[in-house]
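Note sheet for the following structure.
The values are calculated or read from the model by the stated rules, or taken from the named source; none is laboratory data. Treat the numbers as computed from the prediction; the structure is a model and nothing was measured. Backbone-built Cβ (ideal geometry, glycine too); neighbour counts: all protein chains shown.
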Amino acid sequence: MYQSINRRFGGRLRGYLGLALAVILVSACATAPVAPTAALVEARDAIASAEQAGARQHAGAELDEAQQKLVAAEEAVSNERMAEAERLAREAAVVAELASARTESAKAAEINREMGRSADALDEEMKRTGDRP
Amino acid sequence: MSTTTTQQVKRGTTLFALVFSSLMITACATAPDSPEGASEARNMLTTLQNDPNLADRARVEIREAEAAVRVAEEPLPKDKAALGEHRVYMADQKVAIAEARAATRYAEAQREQLGEQRDAARLDARTREVGRARDEASKARSDAEAARTSKEEGAAAASRQAAEYQSQIDALQAEVTDRGLVLTLGDVLFSTGSAELQGGAYRTLDKLVTFLNEYPERRVQIEGHTDNVGSVEYNQELSRERAESVSHYLAEQEIASQRLSTSGIGMGQPVASNDSASGRQQNRRVEIIIENPSRR
């Protein structure tokens, strides 16, 4: 009886181990070919929002790079080089984010220049009116 | 035999230690380096962190960049060069993003300052304008006041002058005519048949001198007149001499001779009938005509 319990326990343990091994094997098999969908989506979103912000005008080089990286990532996916695809997708997303950031800063600088010009104009005008007797 | 074995063992141990230590050393030497470019990313990040205008303006982004740089700096074996490259790329971008965001916020901060400056400038301009308007208004007011006072003063002065003039004329007992003020020295002020002035004449003439000094632009015409007693030539001569005698006296009183002109009219312009003694007396006279000032 004691032996039978022991044997039954051992059998169950062996079953669990087998299951765990199978899960590990399956997941190992699964991670290799699965496309980095989340990273690709993130990259596409980042590019879209950069374009919306006006990156084409203010940070064209960065936007181009992001698009090229995204294309490369998609190619890597179709070639089933998923690790590379994920890296490329992440790089596309980060460079798109840079495009957005540079667009914003370019716009901010432009506004400042504009304000500076109008302030100068105001100064000029005040000086003129100040000169008036 | 046993000693040789021990020696062999010892030698073996030494050899092993040597090999092990050399292995250790080579292991150290060939230990995987940080990927290429990681140090550049670090430098960029350090520059950003040391920029007083930018460092505090993108704390979150700089922290993310810092993390990315740290990942990029992790040593990787040679066969993972692609991963290293990726990490360096990510770090570079993260640093650049942090820099751009910081620059944006810096520009915004500057803009606020710029706006404040502009507001201050506007306020200043407005204040100055108001001040100027106020100054102008008060100046206009004071100008108007000044004009009024000067007008009043002018009027007062004019009337004062007129009054004074009148009083001078009154003092001279002169007559206001079209030719000017006419002052008549009567016959009694001359010795009979002579051009010599009598004492009473001087009082009148001194008043005239005062008047002429008061109105230095006025010229004086001195005319001698007589009655019809005696010859025309005689009367002419006498009238001229009397006129000249007056002129001479005035010149002595330092009235410029250019202002004085004399003429002997003789008996030609009587003011009364020569038929009566009193009429003849009236006709014997010297008229001093103070010309009206020439109008500009």
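Brief remarks on what is shown
- Among the residues listed as B:LEU183, B:LEU208, the single one being assigned to a helix (DSSP H, G or I) and either within 58 Å of the chain's Cα centre (by Cα) or assigned by TED's automatic domain parsing to the domain that holds B:ASN274 (or both): B:LEU208
- A:ARG87 within 10 Å of chain B (Cβ to nearest Cβ) and buried (at least 17 other Cβ atoms within 10 Å of the Cβ): yes
Yes/no matrix, rows are residues, columns are (1) more than 8 Å from every other protein chain (Cβ to nearest Cβ); (2) within 26 Å of B:ARG101 (Cβ to Cβ); (3) in a helix (DSSP H, G or I); (4) touching a residue at least 40 places away in the same chain (Cβ under 8 Å):
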{"site": "A:LYS69", "(1), (2), (3), (4)": "yes, yes, yes, no"}
{"site": "A:ALA73", "(1), (2), (3), (4)": "yes, yes, yes, no"}
{"site": "A:VAL77", "(1), (2), (3), (4)": "yes, no, yes, yes"}
{"site": "A:ALA108", "(1), (2), (3), (4)": "no, yes, yes, no"}
{"site": "A:LEU122", "(1), (2), (3), (4)": "no, no, yes, no"}
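- Test result for B:ARG111, closer than 30 Å to A:LEU63 by Cβ, within 9 Å of chain A (Cβ to nearest Cβ), assigned to a helix (DSSP H, G or I) and touching a residue at least 40 places away in the same chain (Cβ under 8 Å): no
- Residues within region B:80-104 that are surrounded by fewer than 22 Cβ atoms within 10 Å (Cβ to Cβ) and either of a type in the set (Asp, Glu) or under 45 Å from the mean Cα position of the chain (by Cα) (or both), tallied: 1
- Number of the exception - B:ALA102 against (1) at pLDDT below 95; (2) more than 7 Å from chain A (Cβ to nearest Cβ): (1)
- Residue in region B:126-142 that is free of Cβ contacts under 8 Å to residues at least 40 places away in the same chain, basic (Lys, Arg) and either under 19 Å from B:VAL209 (Cα atoms) or away from chain A (no Cβ under 14 Å) (or both) present: yes
- Among the residues of region A:92-106, those that are more than 7 Å from every other protein chain (Cβ to nearest Cβ) and more than 21 Å from A:ALA72 (Cα to Cα) comprise A:THR103, A:ALA106.
- Annotation: A:ALA48 fulfils all but one of (1) out of contact with any helix residue (DSSP H, G or I) (no Cβ under 7 Å at 6 or more places or on another chain); (2) small (Gly, Ala, Ser); (3) closer than 17 Å to A:GLU84 by Cα; the unmet one is (3).
- Taking the criterion of being exposed (fewer than 13 other Cβ atoms within 10 Å of the Cβ) and modelled with pLDDT of 90 or more, the only residue of region B:26-45 that qualifies is B:ASN43.
- Qualifying residue in region B:273-295 (condition: part of a strand (DSSP E or B), modelled with pLDDT of 85 or more, of a type in the set (S, T, N, Q) and farther than 16 Å from B:GLY186 by Cβ): no
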